[in-house]
Amino acid sequence: MSAEMSIEAGLLELDDAIGAARLYFRDECADAEKVAARVRDRVQIGGENTVVAFAGATGSGKSSLVNALVGETVAEVAPTRPTTAEPLSVSGSETSEVLDWMGVGPRHVLPGAFGDDSVILVDLPDLDSTEEEHRSAADRVIERADVVVFVLDPQKYADALLHREYLKHFGEHGAVTLVVLNQVDRLAQREKNVVLVDARGLLATDGLRDRLIPTSARTGEGVEQLRRSITEIVSKRNAARLRLGADLRSAGEALAVASRKDGGASPSPVHADFMPAARAMVSAAGGEAVAEAAARSYDLRSRRETPWKSRSAHRAPDPLDAVVGPSGIPRYIPEPARIPAAQMAVRTYVDSELAALPTSWKSSVARDVDARTVRLIESTGDAAKDIEVGDSEQPSWWGVTRALFRASLATVVVGVLWLFFWAALGMFDPPKAVGVGLPIILIGLGLLAALAVWISVGVMRSRGSNAARERVMSQLARALDERAGFAVREPVEAQRAEYSRFVEAIGNLSRVR
């Protein structure tokens with residue numbers, strides 16, 4: 001199992017993830033930045049106090065429950081709604097910094113009332129208030145509280161707004177979230193059992209399994225259990241850091257979800273080969289014509305230097321002369337018809353390298369790749385100015401075949417002379433081997449050797465021509481590959497590395513505790 005990560009380290013990871021993805025997931029990154037700012041503020045304030053916020057809909061009995069927990073009427077309870085217009089706090093000691101940060105106004109100090117003076121209870125305005133200002137104040141404290149107690153009532157416990165807008169977002173925060181079904185004294189026992197089963201099922205769907213406590217502020221049922229549950233959260237571990245860790249994990253998951261929805265996946269360590277794209281650009285730049293001239297030049301020179309020389313081979317001009325200028329540098333004439341194929345080859349490389357990236361992310365690199373490809377094609381001549389397209393060295397096999405051919409001809413001549421010499425002596429029955437005259441055998445071996453040399457020369461010439469063509473194409477492709485580093489490969493690699501860091505960062509955020 002991976003080691004846990006601290007809040008401070010998690011903040012750095014979230015900063016990295018936001019920095020990488022800000023241009024592509026603007027809304028999610030804006031939300032993540034708010035989380036980062038909130039976490040930093042809470043870390044700076046410190047964890048000497050634990051803020052427990054009571055949130056719920058109109059008539060759920062939040063204020064009554066807070067009064068029951070502290071044993072005094074500090075929160076106003078009345079039949080008119082809304083009763084709580086702004087967040088109200090009850091604490092065992094003066095605590096201004098954290099409450100100022102949360103924007104809590106009315107404050108009551110009752111030493112020993114809750115049993116732990118480090119705990120601050122905050123009664124929030126109704127979540128379904130018709131006053132926008134009231135709802136905003138409640139949302140602000142819910143975002144910043146260390147522990148949140150959602151108070152439901154038997155009539156509105158299944159309210160879709162409450163589950164959709166609040167409870168489902170606290171699945172990751174289960175360690176610092178409690179849910180209370182208040183006013184259970186109004187239900188008959190059988191009805192109470194049914195409601196509890198249904199409410200627990202809804203909460204499990206929200207990711208808050210086993211977090212429900214039935215209470216009644218009027219009769220006191222469940223109040224002590226709620227007090228113990230709050231105390232247990234506070235005493236087990238720093239509740240503030242538990243909440244902050246959950247916030248960071250949620251922010252990381254929100255970014256991960258945005259990436260997956262946009263087609264993002266785990267990056268592969270395997271890199272695509274750029275050389276096919278480089279060769280396609282060489283072809284579009286007219287490099288194939290130069291490579292073909294090098295191949296035909298090799299073929300011509302081999303015909304001049306190997307057996308069966310022809311006069312036409314000696315008279316024919318070197319094909320390289322047609323493509324090499326006076327300076328000795330080949331002239332590259334672009335072939336417009338091949339440019340789309342080159343652009344497609346480069347796009348294929350880019351798509352392969354960025355296959356794991358979200359669509360919006362990879363498009364930032366791919367959108368101008370066609371224009372960059374054309375510029376690279378146009379720069380082929382400059383990139384390849386130092387390439388030697390001709391081959392001044394004479395292959396060793398040329399001399400070998402000449403020697404073998406002469407030897408085979410010499411064998412034939414010896415056989416013929418022997419045969420004529422024997423006939424001149426009036427001897428028509430020369431020495432034999434395996435029933436055949438030795439002169440005939442020599443003539444046959446010589447002719448077979450000459451045929452073998454002729455076939456070999458043809459094969460070697462074809463291979464040499466292909467090798468010359470491939471040598472020039474490979475050199476041109478490598479030259480363009482080097483020049484493509486800045487124009488194509490480096491931007492692609494930079495985006496790939498940035499996305500890999502993003503994936504690593506949001507993965508690390510899942511370890512924050």
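What the table below lists for this structure:
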{"quantity": "Test result for Val70, at pLDDT 95 or above and of a type outside the set (Asp, Glu)", "calculated": "no"}
{"quantity": "Condition met for Asp368 (of a type in the set (Asp, Glu) and at pLDDT below 85)", "calculated": "yes"}
{"quantity": "Residues of region 126-140 that turn out to be closer than 22 Å to Leu203 by Cα and in contact (Cβ under 8 Å) with a residue 40 or more places away in the chain, as a count", "calculated": "4"}
{"quantity": "Of all residues in region 12-25 being surrounded by fewer than 19 Cβ atoms within 10 Å (Cβ to Cβ) and closer than 26 Å to Gly47 by Cα, the one that is nearest to the chain's Cα centre (by Cα)", "calculated": "Asp16"}
{"quantity": "The lone exception for Asp299 - which of (1) over 21 Å from Arg144 (Cα atoms); (2) among the charged types (D, E, K, R); (3) without any contact (Cβ under 8 Å) to a residue 60 or more places away in the chain it fails", "calculated": "(3)"}
{"quantity": "Filtered residues of region 469-511 (kept if surrounded by fewer than 22 Cβ atoms within 10 Å (Cβ to Cβ), over 25 Å from the mean Cα position of the chain (by Cα) and of a type in the set (Gly, Ala, Ser))", "calculated": "Ser474, Ala479"}
{"quantity": "Matching residues, region 468-489, being without any contact (Cβ under 8 Å) to a residue 60 or more places away in the chain and more than 17 Å from Pro276 (Cα to Cα)", "calculated": "Phe486"}
{"quantity": "Matching residues in region 410-462 - criterion: being closer than 30 Å to Ala291 by Cα and surrounded by 12 or more Cβ atoms within 10 Å (Cβ to Cβ)", "calculated": "Ala452, Val453, Trp454, Ser456, Val457, Gly458, Met460, Arg461, Ser462"}
{"quantity": "Where Val52 falls short, out of the listed (1) under 23 Å from Ile233 (Cα atoms); (2) among the hydrophobic types (A, V, I, L, M, F, W, C); (3) at pLDDT below 95", "calculated": "(3)"}
{"quantity": "Condition met for Ser352 (crowded, with 19+ Cβ neighbours inside 10 Å and either in contact with a strand residue (DSSP E or B) (Cβ under 6 Å, 6 or more places away or on another chain) or at pLDDT 75 or above (or both))", "calculated": "no"}
{"quantity": "Some residue of region 134-147 being of a type in the set (Gly, Ala, Ser), in the same structural domain as Glu97 (by TED's automatic domain parsing), part of a loop (DSSP other than H, G, I, E, B) and at negative phi", "calculated": "yes"}
{"quantity": "Number of the exception - Ile213 against (1) farther than 22 Å from Ala160 by Cα; (2) touching a helix residue (DSSP H, G or I) at 6+ places or on another chain (Cβ under 6 Å); (3) surrounded by 15 or more Cβ atoms within 10 Å (Cβ to Cβ)", "calculated": "(1)"}
{"quantity": "Top-ranked residue in region 295-344 [being over 53 Å from the mean Cα position of the chain (by Cα) and basic (Lys, Arg); ranked as modelled with the lowest pLDDT]", "calculated": "Arg311"}
{"quantity": "For Leu167: the one exception among (1) modelled with pLDDT of 85 or more; (2) touching a Ser or Thr at 6+ places or on another chain (Cβ under 8 Å)", "calculated": "(2)"}
{"quantity": "Residue match in region 83-97 (condition: surrounded by fewer than 16 Cβ atoms within 10 Å (Cβ to Cβ) and under 22 Å from Leu242 (Cα atoms))", "calculated": "yes"}
{"quantity": "Search result, residues across region 171-193 that are over 24 Å from Ser64 (Cα atoms) and of a type in the set (A, V, I, L, M, F, W, C)", "calculated": "Ala175"}
{"quantity": "Every pair of residues 6+ apart whose Cβ atoms lie under 6 Å, when the first sits in region 328-339 and is farther than 14 Å from Arg279 by Cβ while the second is of a type in the set (Val, Ile, Thr) and part of a loop (DSSP other than H, G, I, E, B)", "calculated": "Pro330/Val323; Pro330/Val389; Arg331/Val323"}
{"quantity": "Single residue of Gly287, Gly263, Gly252 found to be modelled with pLDDT of 90 or more and farther than 30 Å from Thr177 by Cβ", "calculated": "Gly263"}
{"quantity": "Neighbours by Cβ (under 7 Å, 6+ apart or cross-chain): first from region 186-201, basic (Lys, Arg); second surrounded by 12 or more Cβ atoms within 10 Å (Cβ to Cβ)", "calculated": "Arg186/Pro154; Lys192/Val184; Arg200/Leu212"}
{"quantity": "Some residue of region 269-286 being within 30 Å of Val147 (Cβ to Cβ), surrounded by fewer than 24 Cβ atoms within 10 Å (Cβ to Cβ) and either in contact with a helix residue (DSSP H, G or I) (Cβ under 6 Å, 6 or more places away or on another chain) or not β-branched (Val, Ile, Thr) (or both)", "calculated": "no"}
{"quantity": "Answer residue from region 389-409, given it is among the aliphatic types (A, V, I, L, M) and either within 30 Å of Val282 (Cα to Cα) or touching a residue at least 12 places away in the same chain (Cβ under 8 Å) (or both) and is surrounded by the fewest Cβ atoms within 10 Å (Cβ to Cβ) among those", "calculated": "Ala407"}
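Yes or no, residue by residue, for (1) of a type outside the set (D, E, K, R); (2) assigned by TED's automatic domain parsing to the domain that holds Thr215:
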{"position": "Ala3", "(1), (2)": "yes, no"}
{"position": "Ser6", "(1), (2)": "yes, no"}
{"position": "Glu13", "(1), (2)": "no, no"}
{"position": "Phe25", "(1), (2)": "yes, no"}
{"position": "Ser60", "(1), (2)": "yes, yes"}
{"position": "Val74", "(1), (2)": "yes, yes"}
{"position": "Ser91", "(1), (2)": "yes, yes"}
{"position": "Asp100", "(1), (2)": "no, yes"}
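The values are calculated or read from the model by the stated rules, or taken from the named source; none is laboratory data. Because the structure is a prediction, the values reported are computed rather than measured. Positions of Cβ are backbone-derived with ideal geometry, glycine not excepted, and every protein chain shown enters the neighbour counts.
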